[in-house]
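The values are calculated or read from the model by the stated rules, or taken from the named source; none is laboratory data. Just so we're clear, the structure is a prediction, and the values are computed from it rather than from any experiment. Methodologically, a virtual Cβ is constructed for each residue, glycine included, from the backbone with ideal geometry; neighbour enumeration extends over all protein chains shown. The area values use the complete protein model at the heavy-atom level, side chains included, leaving out ligands, DNA and RNA. Shrake-Rupley method; radii C 1.70, N 1.55, O 1.52, S 1.80 Å.
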Protein chains: 2
Amino acid sequence: MTLHDEIFEQPACLRALIHNQEGTARRIAEVIRARDIKYVFLAARGTSDNAGRYANYLWGAHNRLPMALATPSLFTYYQSPPALKGALVVGVSQSGKSPDIVSVMDEGRNQGCLTLAITNAPQSPLAEHADLVFDIQSGLEKAVAATKTYTAQLMAIAMISAALAGDESRWREFENVPAWVEQMLLQDDLIARMAQRYRYMHLCVVLGRGFNYATAFEWALKLKELTYVVAEPYSSADFQHGPIAMIEGGFPVLAVAPSGLVFETMLGMLTNLRHKHDAELVVISDDDRALDLAQSPLRLPAGVPEWLTPLVSIVPAQLFACHLTLAKGYDTDQPRGLDKVTRTR
Amino acid sequence: MTLHDEIFEQPACLRALIHNQEGTARRIAEVIRARDIKYVFLAARGTSDNAGRYANYLWGAHNRLPMALATPSLFTYYQSPPALKGALVVGVSQSGKSPDIVSVMDEGRNQGCLTLAITNAPQSPLAEHADLVFDIQSGLEKAVAATKTYTAQLMAIAMISAALAGDESRWREFENVPAWVEQMLLQDDLIARMAQRYRYMHLCVVLGRGFNYATAFEWALKLKELTYVVAEPYSSADFQHGPIAMIEGGFPVLAVAPSGLVFETMLGMLTNLRHKHDAELVVISDDDRALDLAQSPLRLPAGVPEWLTPLVSIVPAQLFACHLTLAKGYDTDQPRGLDKVTRTR
């Protein structure tokens, strides 16, 4: 099972990335610092877009960089791209081949912006159109659903952030990530048993907030790609502005709620969902108060700094999606209707 | 039925808005033009966030303004807001009361940015924290699900865009919008009959692209709030990057596909969904090729300029959601679990 193998390759990939690409991250940070960057303009699709969501929070919180997510159709169909003066234009793509993402980079360069590609394909069109390239060096990813390239993209984003902040203590913190990911992989059998309960789940919502807004989106995307479950991701705040009306007894809510500054608001939401709405809860957390509310608790290692939790908390979510795919009798490596490289304009 | 009444108030609201607020739009545009604005930083939740999606495309395409959507938790829980120098900070909120949106405006002002509130409550905390206020003058909205304030927000965004572009021909174009909306309302009975077919629909996806990316999100939100259907919105491009795997025979896909630059790509997607995936289609369009693919076609008036289609195409979507709510036997005015003002941090 290629998907399962690739999930298990993550500690080694991350360890190598931290070791090999520290210099790249520092050089990229130096070039960025030398320019008067007002904000980041980021283009990505699918899993890479979820990595972009992490950058939105991390670069905002730790590097004070606001982020605009590109609307590629303005560059392709409408051919009326916005004026990007003052922007760092970033493209994130595993394959580096999606024409719409390449268009955004190209336009950024034409407008004289600094451009950065984060990709697993340093020879790709995306990389060729960028001033700066961060190669995530994950090796060939064969399963259509991205796993190891997602955590590698997150790590690249974290390394660039640490280098930009010039905070050496952050470098020490993320060196622990591969070991935390290994700890999560030890729960493989438990997660395989837990997934059985959701054999006939057809729809669910996935909640996260702050740094783990990205994790909620990525968990939902894996479920949609692999298990064909209609899984809708939300920040817990957006969820309150309307969609919470959908929840009735037994409705499955998946939640990513590690310790940190948004934990209390997530805990309040989960308590409400369990006790007032009688929802079914699958909860990824390191805090007993959140885990105790769940029919299906998934325990994170203790002590992961909040900004790095997305790198660890996605791993049980990947395993959950993988085992639910098997429980439903579907193909983990080649989902119906998808190709590894999606060429949208 | 308050919701139904408020949907029908839209032509009058829009007509009054165009008449009363032209001066406001022009004054706001003048102040914006006098500043060196690099990009827009917009904060909103729920329906207002969907209006923000329209601004993202319209101000990008017609005014060359890139847009960053705010991540309010960076301002509230994390208390590490990004550096906003060069940004026009915009808050969109019907009630003007959500504390997280007010926080973003407040921070923008503290950092010396120009701030703009688009709201139905010119005495609200949001308006009080803004340099510029666009009052959408929709009168009290009583139904919890927003309808007339949504189209009024879109109109405010369109008026500001036309004033910023200094293009008088655009002012003439949107003066036709109230009449187009009236034409849509004539289809009320037809839509009521059509909604019966979806009495037992529990989940669906909603597709749109470009300007109507906003319409897809707003249609999905109305369905979630009112009918408790799990309705997931996508751009047709993002949909191809994974979620299309969910679609099997009979799966309901709702689509907004008016004539315009993204029509051909939407048509390709709809053709594929109908003929290859055997999906059930509800299609809002003015083009027979798209309408003929649908089990449930919803015809738009001909000749609406693409940039204004979101103001017209949301109307059949609102009526569809309203009548489906009745078909399912739910309360149209007071959905379970929701209040009119949602106070998230």
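Look at (1) within 12 Å of chain A (Cβ to nearest Cβ); (2) touching a residue at least 24 places away in the same chain (Cβ under 8 Å) and you find that B:Ala257 fails only one, number (1).
The residues on offer are B:Ala317, B:Ala321, B:Ala302, and the sole one that is surrounded by fewer than 23 Cβ atoms within 10 Å (Cβ to Cβ) and small (Gly, Ala, Ser) is B:Ala302. Does A:Gln240 fit the bill of being more than 30 Å from A:Ala29 (Cα to Cα) and more than 14 Å from chain B (Cβ to nearest Cβ)? Answer is no for this residue. Criterion applied to A:Trp171, A:Trp219 was being closer than 28 Å to A:Ala121 by Cβ and assigned by TED's automatic domain parsing to the domain that holds A:Ile7, and the one residue passing it is A:Trp171.
Per-residue answers, yes or no, for (1) facing chain A (nearest Cβ under 10 Å); (2) closer than 22 Å to B:Asp106 by Cβ; (3) under 17 Å from the mean Cα position of the chain (by Cα):
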| position | (1), (2), (3) |
| --- | --- |
| B:Val40 | yes, yes, no |
| B:Ser48 | yes, yes, yes |
| B:Tyr57 | yes, no, yes |
| B:Arg64 | yes, no, no |
| B:Met67 | yes, yes, yes |
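Report whether or not B:Gly52 is small (Gly, Ala, Ser) and surrounded by fewer than 19 Cβ atoms within 10 Å (Cβ to Cβ). Considered against the rule, which asks whether it is small (Gly, Ala, Ser) and surrounded by fewer than 19 Cβ atoms within 10 Å (Cβ to Cβ), B:Gly52 comes out as no. Does B:Glu182 count as under 21 Å from the mean Cα position of the chain (by Cα) and closer than 23 Å to B:Phe211 by Cα? Here the answer is yes, as B:Glu182 does meet what is asked.
Of everything in segment A:193-217, what is within 21 Å of A:Gly250 (Cα to Cα) and hydrophobic (A, V, I, L, M, F, W, C)? Give them in sequence order. Of everything in segment A:193-217, those that are within 21 Å of A:Gly250 (Cα to Cα) and hydrophobic (A, V, I, L, M, F, W, C) turn out to be A:Met194, A:Ala195, A:Met201, A:Leu203, A:Cys204, A:Val205, A:Val206, A:Leu207, A:Ala216. No other residue among A:Ala237, A:Ala302, A:Ala255 is under 20 Å from B:Tyr77 (Cβ atoms) and modelled with pLDDT of 95 or more apart from A:Ala255. Quick check: anything in segment B:317-329 part of a loop (DSSP other than H, G, I, E, B) and within 30 Å of A:Lys276 (Cβ to Cβ)? Yes, segment B:317-329 contains a residue that is part of a loop (DSSP other than H, G, I, E, B) and within 30 Å of A:Lys276 (Cβ to Cβ).
One line per residue, one yes/no per condition, for (1) under 24 Å from B:Met246 (Cα atoms); (2) in contact (Cβ under 8 Å) with a residue 60 or more places away in the chain; (3) facing chain B (nearest Cβ under 10 Å); (4) touching a helix residue (DSSP H, G or I) at 6+ places or on another chain (Cβ under 6 Å):
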residue	(1), (2), (3), (4)
A:Gly208	yes, no, no, yes
A:Glu218	yes, yes, no, yes
A:Leu226	yes, yes, yes, yes
A:Ala231	yes, no, yes, yes
A:Pro252	yes, no, no, no
A:Val262	no, no, yes, yes
A:Ala279	yes, no, no, yes
A:Ala290	no, no, no, yes
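If I ask for residues that are open to solvent by less than 70 Å² (accessible area, probe 1.4 Å) and in contact with a helix residue (DSSP H, G or I) (Cβ under 7 Å, 6 or more places away or on another chain), which ones from segment B:175-192 would you list? Residues satisfying the conditions are B:Val177, B:Pro178, B:Trp180, B:Val181, B:Met184, B:Leu185, B:Gln187, B:Asp188, B:Ile191, B:Ala192.
The numbered conditions (1) among the small types (Gly, Ala, Ser); (2) under 30 Å from A:Thr325 (Cβ atoms); (3) open to solvent by less than 10 Å² (accessible area, probe 1.4 Å) are all true for A:Gly60 except (2). The combined condition, being within 11 Å of chain A (Cβ to nearest Cβ), closer than 21 Å to B:Gln94 by Cβ and touching a residue at least 40 places away in the same chain (Cβ under 8 Å), is not fulfilled by B:Gln318. Tell me, which residue of segment A:82-115 that is touching an Asp or Glu at 6+ places or on another chain (Cβ under 7 Å) and away from every other protein chain (no Cβ under 14 Å) is nearest to B:Gln240 (Cα to Cα)? Among them, the one singled out is A:Thr115.
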